[in-house]
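Report on the structure given below.
The values are calculated or read from the model by the stated rules, or taken from the named source; none is laboratory data. All values derive from a computational prediction rather than experimental measurement. Positions of Cβ are generated from backbone atoms using ideal geometry, with glycine treated the same way; all protein chains shown enter the neighbour counts.
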Amino acid sequence: MTSKDMTFELKLNTSSEEVWNSWLEPKKLVSWLTQKAQVEPKIGGAYELFWDPSTPTDNSTIDCKILAIVPNRFLSFEWRGPVPYADIMNIKPFPTWVALSFEQVAVNQTIVHFRHAGWGDSDKWNEAYKWQANAWKMAGQRMENGIQPTRETIQ
């Protein structure tokens, strides 16, 4: 399987601690990314997000775990895909993962370096990649709007 990483950066007008909390606190995750969240901020802890809590196994990150965590600096977790790509993205071990690093560049300015890796190489994987890139772009815009950002760049 060949991997092509999805990367982008968000430059936000807030502290790295505030941005960090936006990725880990369920109440904050619900404000910009998902409908329901269950997060245990430790290696091996749950990183479960639910876009339709009435069907928790669909369109969720159920059973995904935190892979690495360094408070206010780095977070990595497993990722699942939506129903149309479940046959390639939602098999264990989950093939894709997200890695975030948080760089405080000024008192109230943080850059989030985002990487989503583990993508396969087929027509269906390419469709899943495009779908997820669009979903992350929209999520990044919601995050920016929620914590007074300056700009977003997607590569």
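Can you name every residue in the range 68-85 that is free of Cβ contacts under 8 Å to residues at least 24 places away in the same chain and hydrophobic (A, V, I, L, M, F, W, C)? I'd like the intermediate steps shown before the answer.
Start the filter on the range 68-85 by keeping residues that are free of Cβ contacts under 8 Å to residues at least 24 places away in the same chain, which leaves 70, 80.
Residue satisfying the conditions is VAL70 alone.
Could you look through the range 22-45, keep only residues that are part of a loop (DSSP other than H, G, I, E, B) and of a type in the set (S, T, N, Q), and pick out the one that is surrounded by the most Cβ atoms within 10 Å (Cβ to Cβ)?
In the first step, residues of the range 22-45 are kept if they are part of a loop (DSSP other than H, G, I, E, B); the result is 25, 33-35, 40-45.
With of a type in the set (S, T, N, Q) added as a condition, the list becomes 34-35.
Values: THR34: 19, GLN35: 14.
Filtering first and then ranking leaves THR34.
Would you mind finding the one in ALA68, ALA99 that is among the small types (Gly, Ala, Ser) and loosely packed, with under 14 Cβ neighbours inside 10 Å?
Going through ALA68, ALA99 in turn, just one is among the small types (Gly, Ala, Ser) and loosely packed, with under 14 Cβ neighbours inside 10 Å: ALA68.
Which of the residues belonging to the range 111-128 are without any contact (Cβ under 8 Å) to a residue 60 or more places away in the chain and acidic (Asp, Glu)? Lay out the reasoning, then the answer.
Applying the first criterion (without any contact (Cβ under 8 Å) to a residue 60 or more places away in the chain) to the range 111-128 yields 122-128.
The answer is ASP123, GLU127.
Any idea which of ILE154, ILE69 is at pLDDT 95 or above and of a type in the set (Val, Ile, Thr)? Please lay out each step first, then the result.
Numbers: ILE154 fails: at pLDDT 95 or above.
Selected residue: ILE69, the only one of ILE154, ILE69 that is at pLDDT 95 or above and of a type in the set (Val, Ile, Thr).
What number of residues in the range 1-42 are aliphatic (A, V, I, L, M) and without any contact (Cβ under 8 Å) to a residue 60 or more places away in the chain? Spell out how you get there, then give the answer.
Applying the first criterion (aliphatic (A, V, I, L, M)) to the range 1-42 yields 1, 6, 10, 12, 19, 24, 29-30, 33, 37, 39.
Subset that is without any contact (Cβ under 8 Å) to a residue 60 or more places away in the chain: 24, 29-30, 37, 39.
Looking only at that region, the number is 5.
Could you please let me know if SER54 is of a type outside the set (A, V, I, L, M, F, W, C) and assigned to a loop (DSSP other than H, G, I, E, B)? Step through it out loud before you land on a result.
Numbers: of a type outside the set (A, V, I, L, M, F, W, C): yes; assigned to a loop (DSSP other than H, G, I, E, B): yes.
Taking the combined requirement at face value, the residue satisfies it.
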